[in-house]
Amino acid sequence: MLDPTALYLGNPALLSDERLRGLPLIVALSGYVEAGHLAGQIEAVILESMPSETVVRFDLDQLYDYRSRRPRVKFAEDHFEEWEAPELTLNVVTDGLGRHFLLLTGPEPDTQWERFSASVVGLAQRLEVSLVALVSGIPMPVPHTRPVLVSAHGPRADLLPRPEGDRPTFEISASASHLLELRLQEGGIDHVGLSVHVPQYLAESYLPQAAVAALEHLSAVTGRTLPTDELREASRDVIRQIDEQAGSSPEVQAVIENMERRYDDVVDASARRSILAGPDDADLPDADDLGAAAEAFLAAQSEPDDHLEQ
């Protein structure tokens, strides 16, 4: 493997600053799944509302596929301007009580996952990170009308729900964050993964309520105060719009009601353990139902950026 440290340019003063030793690290990478645009919302609300400094900036020319995820550029009358260059950065952030934490955000690398994971593990060791909290949004057959569920996973038994009954085993398509979790485990670095359950029929929409749930859990595991007021306000408007649009379609409403019954049955019976699998999937909507619901809803969606700017 090529030198992992050559993947980034660090701020020497901050990397050697003793005040950055022993801090928790939050990892929220956007890309492959990121249901509900979760990572992007977390990055925006934290970096726009809290003081921060860049500790490390990754060289995305080595990690990013510009052709598959094309950045935006503005054409103004007779010339191009405002190139929106993607950024993958490690920042030190200060919360409202003056406590610091580290935040790694930006696009999930398209290439060199092993080298990227090695670089993050190396930084975590160098900075003596106390805990790494990785968060992502996953599309699930859950309704938007119920509280957002969050599944925790990793070596921290005190941060995980008590196992009740059989716990599911399954295979999914991997992400860079999944590989990073594995390498953190091998490196003996304390970490916890948080998977936010996002309604499958809204996975491509901006869902502030999912980001609120993520920030609440991140705050609990890191001991830092994270901002949610703006997202809570936005979520009320988003939920109202979803209810209005879903209520106008009997087909969509039927699918949501099926999900509500399944959610209530599983949550009541299992004290909110994972609903990735269960003994009886008869009430789950099938792929055709979900596809029809998603098409009907997304066709009526407004531009996503509007929700966060309200």
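Short-range pairs are left out: with C-alpha atoms under 8 Å and at least six residues apart, the relative contact order of the stretch 4-228 is 29 percent.
By the scheme Lys and Arg +1, Asp and Glu -1, what is the net charge of all other residues having a beta-carbon under 13 Å from that of residue 93? Walk me through the numbers before you get to the answer.
Details: positive: 19, 99, 224; negative: 43, 48, 53, 95.
Charge balance near residue 93 sits at -1.
Relative to the Cα centre, the charge distribution of the stretch 4-228, modelled as +1 at Lys and Arg Cβ and -1 at Asp and Glu Cβ, gives a dipole magnitude of about 520 debye.
Checking the a/c ratio against 1.5 first, then a/b against b/c, what shape does the Cα gyration tensor give for the stretch 4-228? Rounded is the answer for the stretch 4-228, as its axis ratio a/c remains below 1.5.
Every read-out reported here was derived from the displayed coordinates using simple, explicitly stated rules and does not represent laboratory data. Since this is a predicted model, take the numbers as computed values, not measurements. No Cβ is skipped: glycine too gets one built from the backbone with ideal geometry, and neighbour counts run over all protein chains shown.
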